[in-house]
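To start, the structure under review is shown below, and the notes come after it.
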Amino acid sequence: MTSCSPSDAGLCGPGVSATAAGHVERLLLGAVELTTGSAMPHGCLSVNTVHACAPGSEPVRQEVIARRMAGEAALRRRFERAADLPGDCDPRALAQLVHTVTDGISVQATSGRTRDHLHQMADLALRTLFQL
């Protein structure tokens, strides 16, 4: 299991897409790869931690939530700078939706969905979001 926050990685630097659609594609496909790797248990540590903390671990849960919210805020800022999104697109809502999809990928990976199946789901999400 990885400690993943897909929106934290890849916001700048080599290989980053200039388009919002390209950036989301990289995040979704990256989430599939991170959560289905053969050298580790499937799933995402931060997604599982938020849902499975014991009552005495509330400070850990709150830290994980804070880090995930920071990642979502970074993704929102990236979308605010995107020139290729429609004017009526809400960057905050889009960032929340992308996080919801990446979380779902993690949950499905933990539940045993295959990498191929999750790639199909990521492709469908991309086509739906960006009418590719």
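The values are calculated or read from the model by the stated rules, or taken from the named source; none is laboratory data. For clarity, every value in this text was computed on a predicted model and none was experimentally measured. Reconstructed Cβ throughout: ideal geometry from the backbone, glycine too, with neighbour counts over all protein chains shown. When the accessible area is computed, the model is the full protein with side chains, heavy atoms only, and any ligands, DNA or RNA have been set aside. Shrake-Rupley method; radii C 1.70, N 1.55, O 1.52, S 1.80 Å.
Here A93, A70, A18, A82 are screened, and the one residue that is of a type in the set (A, V, I, L, M), at pLDDT 90 or above and not in a helix (DSSP H, G or I) is A82. Within the range 49-57, can one find any residue that is at pLDDT 90 or above and either in contact with a Pro (Cβ under 7 Å, 6 or more places away or on another chain) or exposed (fewer than 12 other Cβ atoms within 10 Å of the Cβ) (or both)? No, the range 49-57 has no match at all. Filtered by the rule that a residue be closer than 17 Å to G22 by Cβ and open to solvent by less than 70 Å² (accessible area, probe 1.4 Å), the range 96-127 gives V98, V101, T102, H119, A122, D123, A125, L126.
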